[in-house]
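Report on one structure; see the data block that follows.
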Number of protein chains: 2
Amino acid sequence: MEHLNQAFAALADPTRRGIIDRLAQGEATVSELVDQFDLTQPTISSHIKVLESAGLITRSRRAQKRPCKLEPDGLTAVNAWLERLRANWERNFARLDDVLEDLKVQPFPEEQKS
Amino acid sequence: MEHLNQAFAALADPTRRGIIDRLAQGEATVSELVDQFDLTQPTISSHIKVLESAGLITRSRRAQKRPCKLEPDGLTAVNAWLERLRANWERNFARLDDVLEDLKVQPFPEEQKS
């Protein structure tokens, strides 16, 4: 649950969503992100840290440039929450449809008597 | 974009996600939410205000009890952002698959010569 709190909080910032958008197209180094977003290196680094601790991105430990890449598992958790919500919501609507359907086919009490 | 910022920020709190979950099953009054979440009325009211200003819920103006209900449009925006991200991500993977496929079918330079 803490993880989901952090993921949603991280996504509440437009620059951080922009970084996620960028990384969906492939890995990028901090310098590449600095160039693309026209922000200072410390600003980008602090956004990267928030995204990393929310489990939405990881940084490669292999390469010296340590490129950032999307961590699909983090986004899967956010997506799963929304999917479950939508399923509940649709079930509720389906139930409402059933009630309306029942109202349609059931005769009025007066008609039953006659 | 401001709307999306507010929606993600609103969803970063577990009680607010709980309220959204509850409302996916149908309308609820503030008193009903107070009972369910075992929190004070001012606490629930303040969460309701955050969700309302983020466009995730609305309150009926008709009934005197002003029940809260889910506003699907607010969640649709969040969902659309994630869907677009997933499409980009999958396209990127598909492109990677194409590259790997190309590597597979193309003969090595040595073989071409022979």
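What are the equivalent ellipsoid semi-axes of region A:1-58, built from the alpha-carbon gyration tensor (square roots of five times its eigenvalues), in whole angstrom, biggest first?
Values: eigenvalues 74, 26, 18 Å².
Ellipsoid half-lengths, sorted descending, are 19, 11, 10 Å.
Under 5 Å from the amide H of B:C68 lie the amide H atoms of B:A28, B:T29, B:V30, each residue being 5 or more positions distant or on a separate chain, with H modelled from the backbone and absent for Pro and chain starts.
Ranked highest first by the average count of other Cβ atoms within 10 Å around their residues, in what order do B:65-77, A:30-42 fall? List each step's numbers first, then the result.
Numbers: B:65-77: 17.2, A:30-42: 13.5.
Averaged packing, sorted descending, gives the order B:65-77, A:30-42.
The phi torsions of region A:87-95, fed into the Karplus equation with coefficients 6.51, -1.76 and 1.60 and a -60° offset, translate into couplings of 4, 4, 5, 5, 4, 4, 5, 4, 5 Hz, rounded to whole numbers, with Gly and Pro shown as x. Extending 7 Å from Cα along the Cβ direction at B:R61 and again at A:T40 yields two label points whose distance is 4.6 nm. Chain A comes nearest to the axis taking it onto chain B at the Cβ of one residue; that residue and its distance, in whole Å, are A:F8, 3.
Spin-label model, A:D98 to A:S53: label points 7 Å out along the Cα-to-beta-carbon direction sit 4.6 nm apart. What is the mean number of Cβ atoms from other protein chains located within 10 Å of the Cβ atom of each residue in peptide A:51-57, rounded to a whole number? So the per-residue partner count for this stretch is 0. Evaluating 6.51 cos²θ - 1.76 cosθ + 1.60 at θ = phi - 60° for every residue in region B:40-51, the Karplus couplings come out as 6, 4, x, 5, 4, 4, 5, 5, 4, 4, 4, 5 Hz, glycine and proline recorded as x.
Listed values for region B:2-14 are Karplus-derived 3J(HN,Hα) couplings in whole Hz (6.51 cos²θ - 1.76 cosθ + 1.60, θ = phi - 60°), namely 4, 4, 5, 4, 5, 5, 5, 4, 4, 7, 6, 10, x, and x replaces Gly and Pro.
Coordinate-derived values only; no laboratory data. Since the model is a prediction, treat every value here as computed from it, not as a measurement. Positions of Cβ are generated from backbone atoms using ideal geometry, with glycine treated the same way; all protein chains shown enter the neighbour counts.
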